[in-house]
1. Among the candidates B:Ile136, B:Ile88, which residue alone is within 30 Å of B:Gly55 (Cβ to Cβ) and surrounded by 18 or more Cβ atoms within 10 Å (Cβ to Cβ)?
2. Taking B:Tyr198 and the conditions (1) touching a residue at least 40 places away in the same chain (Cβ under 8 Å); (2) facing chain A (nearest Cβ under 10 Å), which numbered condition does it fall short on, given that it satisfies the others?
3. Looking at segment A:203-220, can you tell me whether even one residue there is charged (D, E, K, R) and away from chain B (no Cβ under 14 Å)?
4. Taking the criterion of being within 14 Å of chain B (Cβ to nearest Cβ) and free of Cβ contacts under 8 Å to residues at least 12 places away in the same chain, would at least one residue in segment A:179-200 satisfy it?
5. Condition test on B:Trp68, is it under 21 Å from A:Arg201 (Cβ atoms) and part of a strand (DSSP E or B)?
6. Within the bounds of segment A:85-108, is there any residue that is touching a helix residue (DSSP H, G or I) at 6+ places or on another chain (Cβ under 9 Å), under 21 Å from A:Ala52 (Cα atoms) and assigned to a helix (DSSP H, G or I)?
Amino acid sequence: MDVLTTWFHDLMAGNAIFTAQTIGYYWDGLVTTTQLVFLSLVIGLVLAVPLAIGRSSDRRWISLPIYVYTYVFRGTPLLIQLYIIYYGVVFFDGIQETFLWPMLREAFYPALIAFTLNTAAYTTEIFRGAIKATARGEIEAARAYGMSDSLMMRRIILPSAFRRALPAYGNEVIFMLHASAIASVVTLMDLTGAARFIYARYYAPFEAFLFVAAIYLCLTFAILYFFRWLEKRLLAHLRPQS
Amino acid sequence: MKKLLTISILGAALAAGTAQARDYDHVRIGVDVPYEPMEYRGADGELTGFDIELGNALCAEIGVTCEWIEQEWDGIIPGLLARNYDAIMSSMSINDERRQTVLFSDSYITIPGAWFAPEGSELSEINEETLSGKSIGVQRGTTYDSYATDSYGRIATVNRYSTADDMVLDLQAQRLDIVFLEYVVGQATLLQSDEGDYHVVGEMVTEPAEYFGEGFGIAFRQRDEALAKRFNEALATLKADGTYDEIHERYFGEE
């Protein structure tokens with residue numbers, strides 16, 4: 001143990017990179033990344049539920065526009081969407097005078113808008129797949145009970161669709177965390193932004209990026225375990241009885 | 001035995017190679033283009049700029065032929081060490097950190113940094129009070145980034161960009177209140193552009209030396225002391241006979 005402490009002490013003493021100041025940058029980066037990813041996932045999820053229901057509708061005038069939206073946002077890179085929203089909005093004349101500008105001026109909100117629209121598109125398609133996969137027997141049983149469409153959606157289809165969508169949605173959450181690394185191109189100091197700053201300042205790519213990679217790994221572990229716990233709880237009825 | 005002999009011969013040859021200073025009659029110089037007006041391509045596609053013209057004049061004075069090799073900034077020092085070229089003349093600030101890996105000539109020019117704000121900005125001077133709550137644009141990893149972060153990072157927002165172009169775009173979009181960069185580059189991209197009107201706020205910044213170095217120098221490999229000496233002597237000659245002033249005037253006007 002003593003060896004380990006001395007080794008750690010030597011390591012910390014011999015470096016100019018991991019000082020209280022740079023750890024502070026990483027901490028601020030962690031807070032920004034967490035806020036950005038969490039908010040975009042929550043808003044995206046709220047948007048995705050009605051969109052997924054509309055997307056599985058038989059009425060073309062409802063499902064087609066939603067299909068176009070998901071196609072566009074899944075068919076273009078998130079980086080391009082971020083560029084368009086961040087640099088694109090300023091080409092609307094007079095945007096600086098509108099009530100939107102105090103938000104669009106900061107890098108955070110354009111990034112939040114881009115991430116939310118992107119994750120909402122993917123989540124819509126995940127839920128739509130799960131809704132489509134509802135067993136016919138369940139639907140027929142609901143009809144036999146005389147349930148209306150909306151009641152059936154609320155009580156039968158959505159609860160089972162959510163359960164089926166859970167593993168795929170867990171992946172989407174992890175993808176979103178990793179995709180958030182591009183936020184630093186629009187000056188946002190997220191985790192990756194902090195790492196790039198420290199790399200450029202100390203010419204130390206290995207230390208700066210390995211450290212930040214370790215933080216992303218920890219975050220991913222937390223998400224993985226949360227979804228594993230959720231799946232165990234919600235999908236308990238599907239496990240073989242022992 | 002045979003193997004040992006080969007190794008010792010090889011070792012001796014290597015030792016002789018490093019000990020002997022190379023006598024250059026052809027010097028390859030690494031440069032990161034474009035960085036107007038220090039190095040860029042003119043309308044005819046030829047390399048030009050202050051560094052290029054001064055470099056060519058220095059080579060002529062020494063009596064060697066010069067070849068310019070383009071190299072991006074990230075890898076410009078590793079390229080020198082890997083012998084892709086023999087010198088770097090690319091607006092490189094002399095500082096102690098770089099001195100650990102390369103050998104610098106005497107400083108051949110000092111370019112100040114400057115703050116640029118849009119016309120009509122309420123900023124008229126630079127201090128902690130006026131910059132409080134403002135957003136400052138800098139290029140990531142430059143000396144300007146370090147200085148702005150350390151001096152005003154606590155009271156203002158420092159936004160870091162990969163390229164000067166992105167930064168100028170956000171200054172035009174009014175996302176930034178002020179930007180901090182090399183004066184001559186700001187002059188070429190902001191003051192002389194038609195997009196909008198900008199002006200310099202406050203004094204030119206050359207101090208403290210710990211950030212802004214001791215001016216620009218030509219970088220060589222550590223062992224090429226003889227070559228650095230020849231360039232230093234040539235620089236002194238050009239400064240004495242007026243050639244240096246003539247080139248300087250062409251790019252930066254009268255002092």
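The values are calculated or read from the model by the stated rules, or taken from the named source; none is laboratory data. Everything quoted here is computed from the prediction, not taken from an experiment. So basically every Cβ, Gly included, is an ideal-geometry build from the backbone, and we count neighbours across all protein chains shown.
1. The conditions single out B:Ile88.
2. (2)
3. Taking segment A:203-220 and keeping what is charged (D, E, K, R), we get A:207.
Right, trim to away from chain B (no Cβ under 14 Å) and you get A:207.
Yes, segment A:203-220 contains a residue that is charged (D, E, K, R) and away from chain B (no Cβ under 14 Å).
4. Start the filter on segment A:179-200 by keeping residues that are within 14 Å of chain B (Cβ to nearest Cβ), which leaves A:182-190, A:192-200.
Checking which are free of Cβ contacts under 8 Å to residues at least 12 places away in the same chain leaves us with A:199-200.
Yes, segment A:179-200 has at least one match.
5. Values: under 21 Å from A:Arg201 (Cβ atoms): no; part of a strand (DSSP E or B): yes.
So B:Trp68 does not fit the description; no.
6. no
The rows are residues; the columns are (1) exposed (fewer than 11 other Cβ atoms within 10 Å of the Cβ); (2) touching a Ser or Thr at 6+ places or on another chain (Cβ under 6 Å); (3) under 16 Å from A:Val185 (Cβ atoms); (4) not aliphatic (A, V, I, L, M).
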| site | (1), (2), (3), (4) |
| --- | --- |
| A:Ile62 | no, no, no, no |
| A:Tyr69 | no, no, no, yes |
| A:Phe73 | no, no, no, yes |
| A:Pro77 | no, no, yes, yes |
| A:Leu82 | no, no, yes, no |
| A:Ile85 | no, no, yes, no |
| A:Gln96 | no, no, no, yes |
| A:Phe99 | yes, no, no, yes |
| A:Pro102 | yes, no, no, yes |
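Residue-by-condition table, conditions (1) farther than 30 Å from B:Tyr24 by Cβ; (2) in contact with a strand residue (DSSP E or B) (Cβ under 8 Å, 6 or more places away or on another chain):
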{"position": "B:Ala148", "(1), (2)": "yes, yes"}
{"position": "B:Ile155", "(1), (2)": "yes, no"}
{"position": "B:Val179", "(1), (2)": "yes, yes"}
{"position": "B:Glu182", "(1), (2)": "yes, yes"}
{"position": "B:Leu190", "(1), (2)": "yes, yes"}
{"position": "B:Val200", "(1), (2)": "yes, yes"}
{"position": "B:Met204", "(1), (2)": "yes, yes"}
{"position": "B:Glu207", "(1), (2)": "yes, no"}
{"position": "B:Phe216", "(1), (2)": "no, yes"}
